[in-house]
Each structure stands twice: as structure tokens, then as C-alpha cells.
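Reading through the C-alpha cells given below for one structure.
Every number here is computed from the coordinates shown, using simple stated rules; none is lab data. As the structure is a computational prediction, the values presented were derived from the model and not from experiment. Cβ atoms come from the backbone with ideal geometry, glycine included; neighbour counts cover every protein chain shown.
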Amino acid sequence: MSEASERVEQWRKAKRKSGYRPLTLWVPYCAKSEFDELVYSRGQGKDPGQTFLDAVRALAASMGKTPELRLEARQQHRIEANVADDVIKRLVAAGAVPATALGAPAVAPSPIKEPLPPEWKQCGNTAHPPYDSNEHDECPIHANERKERYRAKQKAKKPAGKKPAAQETT
Ligand SMILES: [Zn+2]
């Protein structure tokens, strides 16, 4: 790989890591210049993707669609806990449950699991962190372990005390 294309590859990886995805569109001839003009007029030359996103959202809004409110798992969890807490308070107020119920945390915090982006895969071994399938064909930890096993096997094959080079000449 040339130095320049390697740099491009690095840049792409960094972009992916920061949550961006490439998008290729085939559009009518005029679309490109119209889009460029929009980017320019919004001063978003450094981030035309933002212009695209703004345009998509503006179109959705013009169709009366409110942007889908996507709660992060963490927020959702907090809301659920608050609701449960509120329910207990009401039950206590109504005399249905003893006031001691208010003392303990309403909901035992369960481990929060953020949904993985579609490109990410969780290894069969849940102790291994998920990996980006765009960057790795398989779990990098597994790949590493296999390499190490192979190396250990190769080492074990070598007869002790003899140099492999000497062996070849005989
Ligand atoms: Zn693994």
C-alpha cells in the first residue's frame, strides 16, 4: 500500500471509530452542485455529512415527522428506575405497602448493555469485548490466541539442542 492510501485508510478507521459511516449515493447530475451549494451556504465545507443529515431531518420535519427519540440504554434505565420509585411512593401513600419499602433502592440496578451497532459482533466468549467486523474477520483475541498456540506448536516441533539450519543441510 502506498503511503498516501495508507493515510487514507487510517483516516477512515478513525472516522469509523468516532461513529461515522460512509454513504455512497447515485444521484442525478444536478444534485451534486445543488448539494455543494447548500454545504457552502451553511459553512459546513469541513463536514458535508452534517449538511446531509440536516437536510434529511429538515425533510422529515416538513413531512410532519418528529425525529425518533432514541433513548440511550442508560437514560432508559434511569427512567424505569424513576417510574418504579414513583409507583412505590404512591403505594406507600395509599397505605398499601409499608414505608420501609421506600428505604431500599426501588430497582436493583441491572447491568446496562448498550445495543451493538450492526457491524459489531460479540464474540462467542462473552468475556471478550465485541469487535468491529469491518476491521476484523474474527474476534481479535481469538485470532491472537490461535497465533500463539501455533507458535508454541512450532517451537515444540523443533528438536532440542539442534539448530534447524544444520538439520536442513544433512
Ligand atoms: Zn473471542
Would you list which aspartates and glutamates come within 13 Å of Lys46, measuring only between C-alpha atoms, while excluding same-chain residues fewer than 8 positions from it?
Asp36
Run the simple label-point estimate for Ala31 and Lys65 please: 7 Å along Cα→C-beta, distance reported in nm.
1.6
Using a cut-off of 19 Å between alpha-carbon atoms, which aspartates and glutamates can reach Lys65, once sequence neighbours fewer than 8 places away in the same chain are excluded?
Asp54
